[in-house]
1. Starting from the range 194-209, keep only residues that are closer than 25 Å to TYR118 by Cβ, then list their pairs with residues that are β-branched (Val, Ile, Thr) and assigned to a loop (DSSP other than H, G, I, E, B) whose Cβ atoms are within a distance under 7 Å, requiring at least 6 positions of separation or different chains.
2. Which residue out of ARG153, ARG102, ARG124, ARG120 is buried (at least 17 other Cβ atoms within 10 Å of the Cβ) and away from ligand 2 (no atom under 13 Å from the Cβ)?
3. Based on this model, can you work out whether PRO213 counts as within 16 Å of ligand 1 (Cβ to nearest atom) and crowded, with 16+ Cβ neighbours inside 10 Å?
4. If I filter the range 342-349 for residues that are farther than 28 Å from HIS222 by Cα, under 31 Å from the mean Cα position of the chain (by Cα) and modelled with pLDDT of 95 or more, do I get at least one hit?
5. Quick check on the range 105-117: of everything there that is under 16 Å from the mean Cα position of the chain (by Cα) and among the aliphatic types (A, V, I, L, M), which residue is farthest from ligand 2 (Cβ to nearest atom)?
6. Out of the residues in the range 40-99 that are touching a Ser or Thr at 6+ places or on another chain (Cβ under 6 Å), of a type outside the set (A, V, I, L, M, F, W, C) and farther than 30 Å from ARG140 by Cα, which is modelled with the lowest pLDDT?
7. Yes or no: ARG165 within 17 Å of GLN21 (Cα to Cα), away from ligand 1 (no atom under 15 Å from the Cβ) and either of a type in the set (Asp, Glu) or surrounded by fewer than 22 Cβ atoms within 10 Å (Cβ to Cβ) (or both)?
8. Just checking, which of GLN64, GLN70, GLN93 is in contact (Cβ under 8 Å) with a residue 24 or more places away in the chain, surrounded by fewer than 19 Cβ atoms within 10 Å (Cβ to Cβ) and within 19 Å of HIS189 (Cβ to Cβ)?
Amino acid sequence: MGPLIDAYNAVGSPDWRTQLQGSITSADALAAHLPVDRDAVAAVARVYPLRIPRPFLRLIRSPQDSFWRQAVPDPAELADSGASPDPSEEDRQSPVDHLVHRYPDRVVLLISNRCALYCRFCMRKRRVGRPVNIDWPQIRQAVAYIGACPGVREVILSGGDPLLRKDEQLAETLAALRRLPQIEIIRIHTRIPAVLPERVTAALVEVLKQFGPLYVNLHFNHAEEITPAAAAACSRLADAGIPLGSQSVLLKGVNNRVATMRALMRRLAAVRVRPYALHHPDPVAGTTHFRVPLAQGLQIMRSLRGHISGLCVPHYMADLPAGGGKVPLLPDYWRRQGGHVEVMNYEGRLFQYPDV
Ligand SMILES: *Cc1c(COP(=O)(O)O)cnc(C)c1O
Ligand code: SF4
């Protein structure tokens, strides 16, 4: 164990289960803390569940801040019923329950429907927080499916949040995957360090360490989410030798400004989390009020590359409709002009580049 983990255990962490159970889950409880319209929140929460852990609640300052926008139910969630609950058609690409198989060499295994905080913009709103039980026989069936696919080299554990599973259940799943000889890497997608950092216990880190090569992709959308507690959770994972990446979502009113996005990406790299993807928001029912034009995302990407360290520049990704998969979107940096290629640098200056 690293010195940081020892120090963390010495000061004693609040138990994450207690924190999870103490979360705000009703409109009444929320209205006792924030100036919300109780009935409006209740109407939204009946369709899309509400959960905010108390430490996260204490970060909320006003309806305009990133914490409020991401966590507090908004009547706008009920106003876009024309949108699809599953535009990228994960459910159609699900050969067995709780598994999405879209690409030739990797699959997503959804091992939990719960999250510590129900993000209002979630692209899996159709299933997270729903009382659809994911039981172990189903997970074992999904693992058996993976075992029968020799081309699959990577399994991505997602959900919901896979780290809301008990340590023993995670260990059992990881061990079962490791028994499949064709599985080279395992990836975990989690928002836990941002929303319930106490869950990253020394015991959890010990479990994850046993089943490498294992990558953990975190999910932060604003630099102010990387609190001292969140940064310490990232350190505990990084000190254990677990490579950390991040996935962020471009969200209107949260991070769709150049300065905000630059600060987020720099802060991630500073806590040893390598920005991996910036996702353009999918047109998912209940979330479309967070969407911004593609042109704005491209403009933000242009303001990152060259201006800040390349270590802080993620790929900007759009998930295509109808199961087309994710594609990177890039600002236009070059065009062919007669016999040569004209390229624009990060400052907007034009150069002629010698092609062959
Ligand atoms: C995003 C995604 C992946 C992972 O894609 P990468 O390009 O490897 O990050 C795998 N399967 C599905 C279904 C996905 O949506
Ligand atoms: S943690 Fe992830 S899966 Fe859970 S609600 Fe937020 S975005 Fe959705």
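The values are calculated or read from the model by the stated rules, or taken from the named source; none is laboratory data. Owing to the predicted nature of the structure, the values given are computational and were not obtained by experimental measurement. Every residue, glycine among them, receives a Cβ derived from its backbone with ideal geometry; neighbour counts consider all protein chains shown.
1. Final answer for the pair search is LEU208/ILE242.
2. Details: ARG153 fails: buried (at least 17 other Cβ atoms within 10 Å of the Cβ); ARG124 fails: away from ligand 2 (no atom under 13 Å from the Cβ); ARG120 fails: away from ligand 2 (no atom under 13 Å from the Cβ).
Exactly one of ARG153, ARG102, ARG124, ARG120 is buried (at least 17 other Cβ atoms within 10 Å of the Cβ) and away from ligand 2 (no atom under 13 Å from the Cβ), namely ARG102.
3. Criteria not met by PRO213.
4. Filtering the range 342-349 for residues farther than 28 Å from HIS222 by Cα gives 342-344, 349.
This time we only want the ones that are under 31 Å from the mean Cα position of the chain (by Cα), so: none.
No, that holds for no residue.
5. Quick first cut of the range 105-117, residues under 16 Å from the mean Cα position of the chain (by Cα) only: 108-117.
This time we only want the ones that are among the aliphatic types (A, V, I, L, M), so: 108-111, 116-117.
Details: VAL108: 12, LEU109: 14, LEU110: 9, ILE111: 12, ALA116: 7, LEU117: 6 Å.
Going through the qualifying residues, I end up with LEU109.
6. Filtering the range 40-99 for residues that are touching a Ser or Thr at 6+ places or on another chain (Cβ under 6 Å), of a type outside the set (A, V, I, L, M, F, W, C) and farther than 30 Å from ARG140 by Cα, the one modelled with the lowest pLDDT comes out as ASP80.
7. Yes.
8. On the way: GLN64 fails: within 19 Å of HIS189 (Cβ to Cβ); GLN70 fails: surrounded by fewer than 19 Cβ atoms within 10 Å (Cβ to Cβ).
Unique residue meeting the criteria: GLN93.
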